[in-house]
1. Averaging over all projection directions, find the projected area of the Cα convex hull of the range 1-56 and quote it in nm² with one decimal place.
2. Quickly work out the ASP76-to-VAL184 label distance, labels modelled 7 Å from Cα along the C-beta direction, and quote it in nm with one decimal.
3. Nearest 500 deg cm²/dmol is fine: what mean residue ellipticity at 222 nm does the chain get from its DSSP H runs of n ≥ 4 alone, each adding -39,500 (n - 2.57), divided by its residue count?
4. Counting other C-beta atoms within 10 Å, and keeping those with at most 12, which DSSP coil trypsin sites (Lys or Arg not before Pro) do you find in the range 49-151?
5. Rounded, prolate or oblate for the range 27-84? Axes are the square roots of the Cα gyration tensor eigenvalues, ordered a ≥ b ≥ c, and the cut-off for rounded is a/c under 1.5.
6. Could you bin all the Cα-Cα distances of the chain into 10 Å bins starting at 0 and give me the percent of pairs in each, rounded to whole numbers?
7. Non-local amide H neighbours of THR160 (under 5 Å, H modeled in plane, Pro and chain starts lacking H): which ones?
8. In whole Hz, what ³J(HN,Hα) sequence does the range 122-133 give by Karplus (6.51, -1.76, 1.60; θ = phi - 60°), x for Gly and Pro?
Amino acid sequence: MVTSPLMTLPEDPKEAQKVFQSQSVETQLELVLQSRGKDRLQILFLSEKPEQLVQQLPELEVFLTVKEVGERDSLDLISLTTPEQFQYLLDLDFWKRDQLDPEKVLHWMELLLESGEKKVIQFIQSADPEFIALLLKKFLRVTFLEGEPVERMEQIPFFTLDQFYFVHFKGKRTQEIFEPFLQVLYRENKEGYRRLMESLMVELESELEETGYR
């Protein structure tokens, strides 16, 4: 049973869903905001259109819910966030003072992939390209090999999607996370992928970090 100053939702899940869905969106949102943690998630997904409710939540409330429930148990919620809500989650969790926390970056990029390709595409389309470059800079190195003999290119144990930019991942876990991310990026925006590769070759990590922290 979920109780609030507005009403008490029945204990039976089907009855609770029926009562909740009979309320206005405004009342549904109030019920969501007056609950916490797992109760909040449970109420959100009583809605016929949970995405509509999630995207009306204040960014801080989304962050608090994710922290109270746990990131992995909040994947359904995370997958429905707006670009701004998702960026807020990253901004609050990524930084140690003015530097990125590498473990947090890997953790959240893993969560992004687990949230589904639609969410990955949304992030690619909405995030600042310099921010994406900053995330990748710590974990991979890019080499450009245009005009190299084919036999030499075949000997290079790097990852490539276009036979021009070759990527060396700094560790197995890094590759497992960023290789599928790059594949989606390349498929969705080849020119954006090219610009990212160029940025990773020439931009200093400190410069990207300073820009990202701002």
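1. Working: hull surface 13.1 nm².
Answer in nm², one decimal: 3.3.
2. 2.0
3. Working: 14 runs with 135 residues, N = 214.
Value at 222 nm, helices only, nearest 500: -18500 deg cm²/dmol.
4. Values: sites: LYS67, ARG72, LYS96, ARG97, LYS104, LYS118, LYS119, LYS137, LYS138, ARG141; in loops: ARG97, LYS138.
Here the trypsin sites (Lys or Arg not before Pro) that fit, given the DSSP loop and packing criteria, are ARG97.
5. Working: a/c = 1.34, a/b = 1.15, b/c = 1.17.
The shape class here is rounded.
6. Percent of pairs per bin, in order: 7, 29, 28, 17, 11, 5, 1, 0.
7. VAL167
8. Per residue, the Karplus-derived 3J(HN,Hα) values read 4, 5, 4, 6, 9, 6, 4, x, 5, 5, 4, 4 Hz.
Coordinate-derived values only; no laboratory data. Quick caveat: nothing in here was measured; it's all calculated off a predicted structure. Cβ sites come from the backbone with ideal geometry, for glycine too, and all protein chains shown count toward neighbours.
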